[in-house]
There are 2 protein chains.
Amino acid sequence: MTPTFDDIESAAKQIVGAAHKTPVATSRTINARTGAEVFFKCENLQRAGAFKFRGAYNALSRFTPDERRRGVVTFSSGNHAQAIALAGQVLGIPRVIVMPSDAPEVKRIATEGYGGEVILYDRDKEDREAIGKRLASERGLTLVPPYDHPHIIAGQGTATRELIEEVGALDLLFVPCGGGGLLSGSAIAANAMEANCKVIGVEPAAGDDGARSFRTKTLQTVNNPKTVADGARTPSLGSLTFPLVLQYVADMVTVDDPTLLKTMFYLWERLKLVVEPTGALGAAAALAGTTPIRGLRVGVILSGGNVDLTQMPAWIQYR
Amino acid sequence: MTPTFDDIESAAKQIVGAAHKTPVATSRTINARTGAEVFFKCENLQRAGAFKFRGAYNALSRFTPDERRRGVVTFSSGNHAQAIALAGQVLGIPRVIVMPSDAPEVKRIATEGYGGEVILYDRDKEDREAIGKRLASERGLTLVPPYDHPHIIAGQGTATRELIEEVGALDLLFVPCGGGGLLSGSAIAANAMEANCKVIGVEPAAGDDGARSFRTKTLQTVNNPKTVADGARTPSLGSLTFPLVLQYVADMVTVDDPTLLKTMFYLWERLKLVVEPTGALGAAAALAGTTPIRGLRVGVILSGGNVDLTQMPAWIQYR
């Protein structure tokens with residue numbers, strides 16, 4: 001079932017009081033530097049540190065009493081894992097999370113901290129979807145995948161709905177893209193609320209499967225790309241998200257890792273906001289100058305802030 | 001002239017529209033961990049990245065036309081320098097800033113970026129006050145020192161005024177202390193608005209002159225202390241701030257550098273807010289457990305966010 005703007009409206013009602021209405025940050029310095037009006041939607045300040053809580057809570061809160069009792073299983077490199085763990089905690093639903101063994105430690109620890117049962121797998125050798133499906137069948141759990149699910153997509157779309165509701169018309173909206181849940185939800189919302197708003201999906205250069213899929217109109221994949229944007233290392237768009245991206249997204253662009261880290265640190269220093277690499281994808285594309293933004297009203301989703309600070313000694317050279 | 005709460009009320013009117021009304025951050029995790037309700041006043045999100053803009057703008061905007069034309073001189077290790085540079089830029093006032101040659105590069109560059117003329121001095125060999133006074137007399141500039149000035153103290157007090165106005169009664173308020181401008185302004189405001197609110201000044205352990213002065217009731221000094229809290233390396237409280245601290249502050253405590261950095265990173269990871277070491281002093285004391293906070297409503301001033309990220313490889317071990 002393909003989600004629509006009505007589903008986003010419904011998700012907004014569903015998550016009210018549970019998810020934060022996150023603030024919108026602006027910077028005179030960034031506006032002066034770009035000649036644009038840039039509005040940063042601070043999903044790094046969302047519960048569990050990323051937009052993912054929106055979709056997770058929207059999905060889990062619609063479980064039947066029987067599904068709630070039996071529990072949820074999911075697979076995620078990190079932020080969706082934390083979101084499911086926390087949403088399940090809030091709703092009293094048992095949860096099993098399949099995470100790659102090389103996921104940032106901070107994300108694994110946070111997931112366990114929210115009371116999720118974490119099962120690690122080897123990203124190079126095992127298939128997380130197969131593990132998730134097996135656990136669902138063996139234990140009677142309901143599988144809620146990280147992006148390719150109508151309640152997830154609709155929930156993620158509520159961030160853009162809030163942004164446009166607060167700041168008004170936008171000419172451009174830059175959205176990080178992994179599996180396309182946030183991107184397709186954002187694009188549905190932007191299209192319904194501001195038909196002239198062009199939505200740009202942003203991927204790390206090493207994980208450009210979405211951009212290639214967008215250009216060729218055929219689903220492309222990537223195998224475990226090496227990028228600091230750990231939230232965008234997904235192998236491909238999904239069966240729900242890919243058609244939505246083709247229908248509603250104006251363009252897909254990529255950002256290389258050095259540019260991404262430079263932008264991330266720039267956001268830390270200018271906005272005083274901790275944004276993780278994946279969370280800075282939209283900002284990196286908006287500030288790169290490759291898509292003209294001068295004179296425009298520009299939205300940027302800062303999608304998450306769950307950064308692994310132990311990486312700082314390796315990353316700081318790119319500041 | 002000793003500032004009063006009336007002066008803080010007047011400063012609040014003076015800076016409205018120029019300074020940000022900064023947000024108040026809260027964390028369910030921190031509240032659960034401490035058993036308290038903790039309200040973080042985000043002065044790291046103030047213009048120029050610290051509370052200092054409040055006092056600087058309050059002082060400079062009261063200059064006579066002749067004073068405005070001739071300009072301002074100040075001395076500062078960093079955040080007051082940036083604040084004077086920016087407030088002067090906004091008001092069209094020429095400004096000369098005397099900074100120590102070992103001030104964080106990020107603060108010097110930002111000061112120059114706001115169009116301040118920076119004059120560097122050697123912290124071990126020269127007296128910044130003497131340099132400031134000489135420049136004032138030679139060039140006809142008005143000296144606005146970083147803390148010992150009634151308009152500065154009154155301006156800094158507006159942060160606590162806003163905090164209590166927004167969140168209501170507090171039992172405790174933790175405030176970073178360098179020269180005592182923020183601390184005395186905060187204590188005047190808290191005392192006037194919530195007589196039962198105990199204000200705790202917090203210094204780095206190596207720069208504990210204020211705590212020693214508080215206990216002995218005699219002004220104590222410290223010589224260029226080695227601490228990561230570069231904003232609190234001031235030699236002593238001032239002739240205005242010391243009596244105010246004695247009158248209105250309930251206690252003075254200190255925090256060692258490892259604890260300070262650990263708290264700073266904890267704030268980055270939990271609140272997703274970039275706070276500089278000096279800015280984390282109040283939070284470090286509040287979370288340390290030495291002052292009991294369980295069951296209380298606790299205010300914490302996060303005083304600034306102008307962190308020098310190039311220090312990260314050295315600092316991250318304390319996370």
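The values are calculated or read from the model by the stated rules, or taken from the named source; none is laboratory data. Just so it is clear, the model here is predicted, and its values are computed rather than measured. Glycine gets a Cβ as well: all are built from the backbone with ideal geometry, and neighbour counts include every protein chain shown. We work out accessible area using only protein heavy atoms, side chains counted, and drop any ligands, DNA or RNA first. Shrake-Rupley method; radii C 1.70, N 1.55, O 1.52, S 1.80 Å.
Give the Kirkwood hydrodynamic radius (Å, one decimal) of the range A:195-319, defined as one over the mean of 1/r across all pairs of different Cα atoms.
Kirkwood hydrodynamic radius for the range A:195-319: 15.1 Å.
For the range A:253-297, state the semi-axes of the equivalent ellipsoid (square roots of 5 times the eigenvalues of the alpha-carbon gyration tensor), sorted largest first and rounded to whole angstrom.
After scaling each eigenvalue by five and taking roots: 17, 13, 8 Å.
Counting only other chains, and only Cβ atoms inside 10 Å, what mean value do you get across the residues of B:297-303?
Averaged over the peptide's residues, the number is 0.
Counting only residues 5 or more places away or on other chains, whose amide H sits under 5 Å from the amide H of B:Asp102 once H atoms are built in the peptide plane?
Close amide H contacts, sequence-distant or interchain: B:Arg123.
Could you go through the range A:147-157 in sequence order and give the Karplus-derived ³J(HN,Hα) for each residue, using 6.51 cos²θ - 1.76 cosθ + 1.60 with θ = phi - 60°, rounded to whole Hz, and x for Gly and Pro?
Each residue of the range A:147-157 in turn: 9, 8, 8, x, 5, 5, 4, 5, x, 5, x Hz.
What is the Cα coordinate range of the range B:53-143 on the first, second and third principal axes, sorted by size from largest, in whole angstrom?
Per principal axis, max minus min of the Cα coordinates gives 36, 27, 18 Å.
Distances from B:Asn223 to the same position in the other copies: list them in nm, one decimal, shortest first, using label points 7 Å from Cα along Cα→Cβ.
Those separations, rounded to one decimal, come out as 6.7 nm.
Taking the convex hull of the alpha carbon atoms in the range A:219-278, what volume per residue do you get, in Å³?
108 Å³
Evaluate peptide A:266-276: per residue, the Cβ atoms of other protein chains within 10 Å of its Cβ; return the mean as an integer.
Going residue by residue through A:266-276 and averaging, the value is 6.
Under a Cβ-only charge scheme (Lys and Arg +1, Asp and Glu -1), can you give me the dipole magnitude of the range B:1-59 about the Cα centre, in debye to the nearest 20?
Charge dipole, the range B:1-59, about its Cα centre: 300 debye, nearest 20.
Starting at 0 and stepping by 5 Å, how many percent of the alpha carbon pairs of the range A:116-176 end up in each bin?
4, 13, 17, 16, 14, 12, 9, 9, 7, 1
Quick check: Cα centre of the range B:39-108 to Cα centre of the range B:167-245, how many Å?
The range B:39-108 and the range B:167-245 have Cα centres separated by 20 Å.
Is there a quick way to get the dipole size of chain B? I mean about its Cα centre, with the Cβ of Lys and Arg at +1 and of Asp and Glu at -1; what is the value in debye to the nearest 20?
340 debye
Determine, at each q value in 0.21 (inverse angstroms), the log₁₀ of I(q)/I(0) that the Debye formula gives when each Cα of the range B:1-111 is one equal point scatterer.
Result of the Debye calculation: -1.12.
Copy-to-copy spacing for B:Arg69, label 7 Å out on the Cα-to-C-beta vector, in nm, shortest first?
8.5
List the distances, in nm and shortest first, from the label point of B:Gly92 to the matching label points in every other copy, placing each point 7 Å from Cα along the Cα-to-Cβ direction.
Values, ascending and in nm: 6.6.
If Rh is defined by the Kirkwood formula over all Cα pairs and Rg also comes from Cα, what ratio Rg/Rh do you get for the protein assembly as shown?
Taking Rg over the Kirkwood Rh, I get 1.00.
Expressed as a whole percent, how much of the Cα-Cα distance distribution for the range A:176-254 exceeds 15 Å?
Roughly 47 percent, once rounded to a whole number.
Which ³J(HN,Hα) values, rounded to whole Hz and listed in residue order, are derived for the range A:138-145 from phi using the Karplus coefficients 6.51, -1.76 and 1.60 in 6.51 cos²θ - 1.76 cosθ + 1.60 with θ = phi - 60°, glycine and proline given as x?
5, 9, x, 8, 8, 7, 10, x
Quick one: Cα centre-to-centre distance for the range B:257-287 and the range A:247-275, in angstrom?
Centre-to-centre distance over Cα atoms comes out at 25 Å.
Once the convex hull of the C-alpha atoms of chain A is built, how many Å³ does it hold per residue, rounded to a whole number?
It is 116 Å³ per residue.
State to the nearest 20 debye the size of the charge dipole of the range A:53-143 about its Cα centre, where the only charges are +1 on K and R beta carbons and -1 on D and E beta carbons.
Approximately 360 debye in magnitude.
Tell me the relative contact order for chain B as a rounded percent, counting alpha carbon contacts under 8 Å between residues six or more apart.
Answer for chain B is 22 percent.
Taking only protein heavy atoms and a 1.4 Å probe, what accessible area per residue, in Å², does chain A have with all protein chains in place?
Accessible area per residue: 36 Å².
Using amide H atoms built in the peptide plane, which far-off residues or other-chain residues are under 5 Å from B:Val255 H to H?
B:Glu203, B:Ala205
Shielding by partners for A:309-317, please: the mean number of other protein chain Cβ atoms within 10 Å of each residue's Cβ.
Across the residues of A:309-317, the mean count of other-chain Cβ atoms within 10 Å is 4.
Amide H of B:Lys198: which non-local residues (sequence gap of 5 or more, or other chain) have their own amide H closer than 5 Å, using H built in the peptide plane?
The answer is B:Leu172, B:Leu173.
In percent, how large is the relative contact order of the range A:53-143, given Cα pairs closer than 8 Å and 6 or more residues apart?
32 percent
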